[in-house]
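Colleague: Dropping the structure in here first, questions after.
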Amino acid sequence: MDMNPDQLGNYATTFINVLIDYSPKLISAFLILFIGLYAIRLINRIIRKIMVKRNLDPTLRNFLADILLWALRILLFVTFISKLGIETSSFVAILGAMGLAVGLSLQGSLSNFAGGMLIIVFKPFKVGDTIEAQGVVATVLEIQIFVTKMLTGNNQTVFVPNGALSNGTIINYSMQGERRADLTFSISYDSDIKKAKDILLEVLHKNPKVLENPAPEVFVKNLSASSVDFAVRPWAKNANYGAVFSETLENCKAALDEAGISVQPFTIQK
């Protein structure tokens, strides 16, 4: 269809008038966009510095900073298109539906993420601690967002989901710095109880790895059907616990044998 010069002039005039009327919105929208992007970078840097000063775990620090960054960017984008005059209600509804769908499909991962944050914030353990949880005794290597990476005594790497870890029982063997070994030695009823007790105490006091404070303990724990059971409880630094445990077993057995005291076969340790 051919257009005469008058029609072209009318279209051009209409376009210019619309552009002039719309230019304030356009200029203000782009001002908001550029200022918002600068403000978001500034806020992100400030938040990161605050988290560093609060000694938050680096993994959690980066993750939270990224979440904040994208949340602010989405908010800025919604504000930008709203300033342009575009209807945002349907757009927000679509975002909400997408968020709900993603949340439902990632329930397990979100549970692990929440568990990871709880672990990092409340610190039931930290990297380097030896813990017992979910049937695993191991040293914590890394607390990640979804799992905790640990190393067992036989050099196996174990990944435990943070959701199960944060909701279960955690025994932290490193938190107090000292640990007590609970052992039970059983002797026959024919043996001298006082002599056996003195021998066991002497063995504990001779071991330099056994702490004097708290003092080691030896006492009659139980009179069973076939034996007299002694509780033997030496204290040790966490680094020496394994050595104290094994040396106490070996040295107490050797000392009792040397004294002619019969050790019953059902010796209990834990």
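Colleague: List the residues whose amide H sits under 5 Å from the amide H of residue 230, counting only those 5 or more places along or on another chain, with H placed 1.01 Å from N in the peptide plane.
Modeller: 185, 186, 187, 221
Colleague: Could you tell me the largest-minus-smallest coordinate of the C-alpha atoms of the range 178-269 on each of the three principal axes, in descending order and whole angstroms?
Modeller: 37, 23, 19
Colleague: Excluding same-chain residues fewer than 8 positions from residue 83, which lysines have a Cα within less than 26 Å of its Cα?
Modeller: Output for residue 83: 25.
Colleague: Between residue 54 and residue 243, what's the calculated FRET efficiency when r is the beta-carbon distance and R0 is 45 Å? Round to 0.05.
Modeller: Taking R0 as 45 Å, the efficiency between residue 54 and residue 243 is 0.75.
Colleague: Each residue of the range 237-252 in turn: what ³J(HN,Hα) in whole Hz from Karplus with 6.51, -1.76, 1.60 and θ = phi - 60°, glycine and Pro shown as x?
Modeller: Per-residue couplings from phi come out as 5, 4, 5, 9, 4, x, 5, 5, 4, 6, 5, 5, 4, 5, 5, 5 Hz.
Colleague: For the range 178-269, what is the charge dipole size about the Cα centre, in debye to the nearest 20, if Lys and Arg each add +1 at the Cβ and Asp and Glu each add -1 at the Cβ?
Modeller: 260 debye
Colleague: So what J values fall out for the range 23-39 if you push phi through Karplus, 6.51 cos²θ - 1.76 cosθ + 1.60 with θ = phi - 60°, rounded to Hz, Gly and Pro as x?
Modeller: Running phi through 6.51 cos²θ - 1.76 cosθ + 1.60 with θ = phi - 60° gives 4, x, 4, 5, 5, 5, 5, 6, 4, 4, 5, 5, 5, x, 4, 5, 5 Hz.
Colleague: State the answer as a single residue: which of 187, 239, 216 lies farthest towards the positive end of the charge dipole of the range 178-269, with beta carbon charges of +1 for Lys and Arg and -1 for Asp and Glu, about the Cα centre.
Modeller: 239
Colleague: What lysines does residue 253 reach when the alpha-carbon gap must be under 27 Å and sequence neighbours fewer than 8 apart in one chain are set aside?
Modeller: Candidates past the 8-residue exclusion: 194, 195, 197, 206, 209, 221, 237, 270.
Colleague: Ok, one more. Between residue 226 and residue 157, what is 0.36 nm times their sequence separation minus the Cα-Cα distance? Round to one decimal in nm.
Modeller: 20.5 nm
Each value in this text was obtained by applying a stated rule to the coordinates, not by laboratory testing. Owing to the predicted nature of the structure, the values given are computational and were not obtained by experimental measurement. In this analysis, Cβ positions are derived from the backbone assuming ideal geometry, glycine residues included, and neighbour counts consider all displayed protein chains.
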